[in-house]
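Have a look at the structure below, then the notes.
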Amino acid sequence: MSVFPQPYIPGASTHVHGGFLDAVRGVIDLVQHHVEHLMSDYPDYMVIFTGHSKGGAEAALGALDLVRRVDGLRDRVRVWTFGQPRVGNEQFAALYNQQLGARTYRVTSYADPVVAMPPRFLFDYCHHNTEVWLMNREGDIYVGRNNTGCNEDPHASSSVDFYDRSIQWHKDYLGLPPLDHATAMFSW
């Protein structure tokens, strides 16, 4: 999987993580086919995209791809991600916010290091809206203010120093233990 930026829209300045984009583009036609049929069969239902970690990044990218391809999907879609790393550059975040920012909740756990990846200094990746920061294990939350550009809310997860982060915070969202991926029949 390549972390290096790839154009999200050919010829435009929107760039995203190459590995996430390759994973989404490898399945998007099949997913589109199923979403269109389900939307037709269930016209009153919402379409929810969700994922944890890399799956969260792919859920966000997939939702944006499909909203741009499928008529009528934008009004029916919601995106919930957990522990999602940064996906793309400032121009990508702006495009995402324009299309889905008000329909997306990017849940971050107190000191999760994955949400601070890739570091801004490498490729100038930044998060899209809207962050819901789980501030502690007692259940206190902070809903981040919507950002513009790469101005991530300084009172949310970006307020935690990188060296104070622990992978345990990435493994333990909403009090759920991590799956044992070696023996699991499926992965989340």
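The values are calculated or read from the model by the stated rules, or taken from the named source; none is laboratory data. Every value quoted in this text rests on a predicted model; they were computed, and no experiment measured them. Using ideal geometry, Cβ is built from the backbone for each residue, glycine included, and neighbour counts are taken over all protein chains shown. To get the accessible areas, we keep the full protein, side chains included, count just its heavy atoms, and leave off ligands, DNA and RNA. Shrake-Rupley method; radii C 1.70, N 1.55, O 1.52, S 1.80 Å.
Within the stretch 19-62, the set of residues being touching a Ser or Thr at 6+ places or on another chain (Cβ under 9 Å), assigned to a helix (DSSP H, G or I) and open to solvent by 80 Å² or more (accessible area, probe 1.4 Å) comprises ASP22 only.
So, ARG86, is that one open to solvent by 10 Å² or more (accessible area, probe 1.4 Å), basic (Lys, Arg) and in contact (Cβ under 8 Å) with a residue 40 or more places away in the chain or not? Spelling it out, ARG86 is indeed open to solvent by 10 Å² or more (accessible area, probe 1.4 Å), basic (Lys, Arg) and in contact (Cβ under 8 Å) with a residue 40 or more places away in the chain. Look at (1) among the polar types (S, T, N, Q); (2) open to solvent by 20 Å² or more (accessible area, probe 1.4 Å); (3) within 23 Å of ALA93 (Cα to Cα) and you find that THR108 fails only one, number (2). Regarding VAL79, is this residue assigned to a helix (DSSP H, G or I) and surrounded by 17 or more Cβ atoms within 10 Å (Cβ to Cβ)? Spelling it out, it is not the case that VAL79 is assigned to a helix (DSSP H, G or I) and surrounded by 17 or more Cβ atoms within 10 Å (Cβ to Cβ).
One line per residue, one yes/no per condition, for (1) open to solvent by 50 Å² or more (accessible area, probe 1.4 Å); (2) closer than 18 Å to ALA57 by Cβ; (3) touching a helix residue (DSSP H, G or I) at 6+ places or on another chain (Cβ under 7 Å); (4) modelled with pLDDT under 85:
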residue	(1), (2), (3), (4)
ARG103	no, yes, no, no
ASP112	no, yes, yes, no
LEU122	yes, yes, no, no
THR130	no, yes, yes, no
LEU134	no, no, no, no
SER159	yes, no, no, no
ILE167	yes, yes, no, no
LEU174	yes, no, no, yes
PRO178	yes, yes, yes, yes
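Of all residue pairs spaced 6 or more apart or on separate chains, those with beta-carbon atoms under 9 Å, a first member in the stretch 43-70 that is more than 23 Å from LYS171 (Cα to Cα) and among the aliphatic types (A, V, I, L, M) and a second member that is part of a strand (DSSP E or B) and open to solvent by 40 Å² or more (accessible area, probe 1.4 Å) are MET46/ARG78; VAL47/ARG78; ALA63/ARG78.
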